[in-house]
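Colleague: Please find one structure pasted underneath; my questions will follow.
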Amino acid sequence: MESIWQKTSQPVSKPTLTGDISTEIAIIGGGLTGILTAHYLTGAGREVTVLEARRVGSGQTGHTTAKITAQHGLCYAQLLKQHGEETARAYAAANLQAVTLYRQLVDSLSIPCDFEEAPSFLYTCRDAGALTAEAEAYRVLGLDGGLTTETGLPFPVAGALRLDGQARFHPLKFLYRLAAPLRIYEHTRVLTVQDGTLTTEYGAVHAEKVVFACHFPFVNHPGYYFMRMHQERSYCIAVQGAQPLEGTYLGIDEDGLSFRQAGKFLLVGGGTHRTGDNRQGGQFANLEARAKELWPECKIAARWSAQDCMPMDGIPYIGAFSSETPNWFVATGFRKWGMTSAMAAARLLTAQMQGEPAESRALFSPQRFRPSASAAQLFRDTAEAARGISRTAFGLPRAVADALPPGHGGIVSVQGEKLGVHKAKNGDTFAIDPRCPHLGCQLEWNPDSLSWECPCHGSRFDYRGRLLDGPAQSGLACEKG
């Protein structure tokens, strides 16, 4: 499923690695974080090589809603409560600076990426109490926004919180322009990292420093990021014939929707769930039905889904990968706010590798652990991982292969063996081993994206077993019947 960004842009073309090379800094991941980091480090005179498993921008950058905003849901009241004013102020400053840096890059490089100023809104159709608390946090932190009921949305709201001075753009047009002059190898998946040696199928890369900008770090030890994050999926459709909207919008109700204009298209998003927890499906159908309720004559131009890493305490991990690996760096855990987080990460990582001071270093440090903010989420994530592993060992198959209707998938019993089976609409069956190659959790079928998903750590595979998202680094054996 191509996003509207992929449908309306022309990708750059970069070679695949052939043989061993050396570089000063190797960046794993050709998404927005990796390319921005490479851009700034190259500008600082460093020798940088980017290694991308598929194509530049083919991961989460190509599937975002691309809101450039420091309004990250109901975050500031929580930051004040859990971490104090200094941390909340630093988080706001880092993300507001990111908005400014996008403006500067777009202007200085004359990047044609549909960059537009747009206020950002949180809204509710029910109880405005949470927005009132968030507005008070804005007041404490000096953020330029306030409560209102005037939004431009095609339905009444109980309240909305506006943040001025934000923006939106076409993320792939921006990314491709930055990537063009950089040294990048596509279709070059990094399989292992040992000290400064990165092995790929096509050769080794020897680097003095390594940056993991690959969404979810695939190295389990050190760092243990698989214990400190889980992944969530969300869904989006691009609608033609809808009422244009000035700002960008996010509903805070359980069934709230996201809206933003993208040229002649209006993007409508929602349906968030933990990866691997969408067995019944229907997310796209729900978005399309709600769009038709608002604009009966509208047409659906594209539909896609995205995946996000959710850190335990709500703050990304940006900086030194671990205390044991002084020359490794990481940027992950962006909690659905990848645009400003990617920019903040690029600036912080560049400063660290240049030996320059960075005010946000302590805020984003991956070495932090705040029990008061993290214990509850750690318990939930550990319980989900244990549940996924126990399903593999003891769970009963939910169906038999013959009972699967065409177009569906599920865990079935085939001649006494537990398999993951997808039955295509033409009747062909595709059987995979339902154990995730990352840590062995049982995969679950997602009928909306036609993919197998790991509820423990978020790895994903298509119906043929081909790897879509990590931290797994290999696909699944598949038999066609």
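The values are calculated or read from the model by the stated rules, or taken from the named source; none is laboratory data. All of these numbers come straight from a predicted model, not from anything done at the bench. No Cβ is skipped: glycine too gets one built from the backbone with ideal geometry, and neighbour counts run over all protein chains shown. Accessible surface is based on the protein model in full, side chains and every heavy atom, while ligands, DNA and RNA are left aside. Shrake-Rupley method; radii C 1.70, N 1.55, O 1.52, S 1.80 Å.
Colleague: Does the range 231-242 hold any residues that are more than 27 Å from GLU444 (Cβ to Cβ), in a strand (DSSP E or B) and open to solvent by 10 Å² or more (accessible area, probe 1.4 Å), and which are they?
Modeller: GLN240
Colleague: Exactly one condition in (1) closer than 25 Å to ILE4 by Cβ; (2) open to solvent by 10 Å² or more (accessible area, probe 1.4 Å) is false for ALA342; which is it?
Modeller: With respect to (1) closer than 25 Å to ILE4 by Cβ; (2) open to solvent by 10 Å² or more (accessible area, probe 1.4 Å), ALA342 is out only on (2).
Colleague: With closer than 24 Å to MET353 by Cβ, open to solvent by 50 Å² or more (accessible area, probe 1.4 Å) and part of a helix (DSSP H, G or I) as the only criterion, which of THR42, THR37 stands out? Please lay out each step first, then the result.
Modeller: Details: THR37 fails: open to solvent by 50 Å² or more (accessible area, probe 1.4 Å).
Exactly one of THR42, THR37 is closer than 24 Å to MET353 by Cβ, open to solvent by 50 Å² or more (accessible area, probe 1.4 Å) and part of a helix (DSSP H, G or I), namely THR42.
Colleague: Residues being open to solvent by 10 Å² or more (accessible area, probe 1.4 Å), basic (Lys, Arg) and under 11 Å from CYS236 (Cβ atoms): count how many of those fall in the range 253-278.
Modeller: 0
For (1) modelled with pLDDT of 95 or more; (2) in contact with a Leu (Cβ under 7 Å, 6 or more places away or on another chain), each residue gets a yes or a no:
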site	(1), (2)
MET1	no, no
SER9	yes, yes
GLU24	yes, no
THR42	yes, yes
VAL48	yes, yes
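Colleague: A follow-up question, please. Can you say whether GLY19 is more than 30 Å from ALA158 (Cβ to Cβ), without any contact (Cβ under 8 Å) to a residue 24 or more places away in the chain, surrounded by fewer than 22 Cβ atoms within 10 Å (Cβ to Cβ) and among the small types (Gly, Ala, Ser), as far as the supplied structure shows?
Modeller: In short, no.
Colleague: Next question. At positive phi, open to solvent by 40 Å² or more (accessible area, probe 1.4 Å) and either out of contact with any Leu (no Cβ under 8 Å at 6 or more places or on another chain) or not aromatic (Phe, Trp, Tyr) (or both) - does that describe any residue in the range 76-88?
Modeller: No, because not a single residue in the range 76-88 is at positive phi, open to solvent by 40 Å² or more (accessible area, probe 1.4 Å) and either out of contact with any Leu (no Cβ under 8 Å at 6 or more places or on another chain) or not aromatic (Phe, Trp, Tyr) (or both).
Rundown of residues vs (1) buried (at least 17 other Cβ atoms within 10 Å of the Cβ); (2) out of contact with any helix residue (DSSP H, G or I) (no Cβ under 6 Å at 6 or more places or on another chain), yes/no style:
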| residue | (1), (2) |
| --- | --- |
| GLN280 | no, yes |
| PHE284 | yes, yes |
| LEU287 | yes, yes |
| CYS298 | yes, no |
| ILE318 | yes, no |
| GLU324 | no, yes |
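Colleague: Considering only residues that are under 24 Å from the mean Cα position of the chain (by Cα) and among the hydrophobic types (A, V, I, L, M, F, W, C), look in the range 113-128 and name the one that is farthest from SER9 (Cα to Cα).
Modeller: Ranking the qualifying residues of the range 113-128, first place goes to LEU122.
Colleague: Still on this structure: Please work out if ALA373 is in a helix (DSSP H, G or I), touching an Asp or Glu at 6+ places or on another chain (Cβ under 6 Å) and either surrounded by 15 or more Cβ atoms within 10 Å (Cβ to Cβ) or modelled with pLDDT under 85 (or both).
Modeller: Against the criterion (in a helix (DSSP H, G or I), touching an Asp or Glu at 6+ places or on another chain (Cβ under 6 Å) and either surrounded by 15 or more Cβ atoms within 10 Å (Cβ to Cβ) or modelled with pLDDT under 85 (or both)), ALA373 qualifies.
Colleague: Hey, could you check the range 155-207 for residues that are under 30 Å from SER120 (Cα atoms) and either among the charged types (D, E, K, R) or modelled with pLDDT under 95 (or both) and say which is least open to solvent (accessible area, probe 1.4 Å)?
Modeller: Quick first cut of the range 155-207, residues under 30 Å from SER120 (Cα atoms) only: 155-179.
With either among the charged types (D, E, K, R) or modelled with pLDDT under 95 (or both) added as a condition, the list becomes 162, 164, 168, 173, 177.
On the way: ARG162: 76, ASP164: 54, ARG168: 17, LYS173: 68, ARG177: 91 Å².
The selected residue is ARG168.
Colleague: Does PRO397 satisfy the condition of being surrounded by fewer than 20 Cβ atoms within 10 Å (Cβ to Cβ), at pLDDT 80 or above, within 25 Å of GLN280 (Cβ to Cβ) and touching a Lys or Arg at 6+ places or on another chain (Cβ under 7 Å)?
Modeller: It is false that PRO397 is surrounded by fewer than 20 Cβ atoms within 10 Å (Cβ to Cβ), at pLDDT 80 or above, within 25 Å of GLN280 (Cβ to Cβ) and touching a Lys or Arg at 6+ places or on another chain (Cβ under 7 Å).
Colleague: Considering every residue within the range 23-34, establish whether at least one is part of a strand (DSSP E or B) and either surrounded by fewer than 22 Cβ atoms within 10 Å (Cβ to Cβ) or free of Cβ contacts under 8 Å to residues at least 60 places away in the same chain (or both).
Modeller: yes
Colleague: Next up: For LEU245, all conditions in the list (1) over 21 Å from MET227 (Cα atoms); (2) surrounded by fewer than 21 Cβ atoms within 10 Å (Cβ to Cβ); (3) at pLDDT below 95 hold save one; what is the number of the exception?
Modeller: Condition not satisfied by LEU245: (3).
Colleague: Let me ask something else. For the range 95-110, check the following and say yes or no: at least one residue is of a type in the set (D, E, K, R) and either surrounded by 19 or more Cβ atoms within 10 Å (Cβ to Cβ) or without any contact (Cβ under 8 Å) to a residue 12 or more places away in the chain (or both).
Modeller: Checked the range 95-110: at least one residue is of a type in the set (D, E, K, R) and either surrounded by 19 or more Cβ atoms within 10 Å (Cβ to Cβ) or without any contact (Cβ under 8 Å) to a residue 12 or more places away in the chain (or both).
Colleague: Quick check, is VAL56 in a loop (DSSP other than H, G, I, E, B), in contact with a Gly (Cβ under 6 Å, 6 or more places away or on another chain) and closer than 21 Å to LEU101 by Cβ? If you could, list the steps in order and put the result at the bottom.
Modeller: Numbers: in a loop (DSSP other than H, G, I, E, B): yes; in contact with a Gly (Cβ under 6 Å, 6 or more places away or on another chain): yes; closer than 21 Å to LEU101 by Cβ: yes.
In short, yes.
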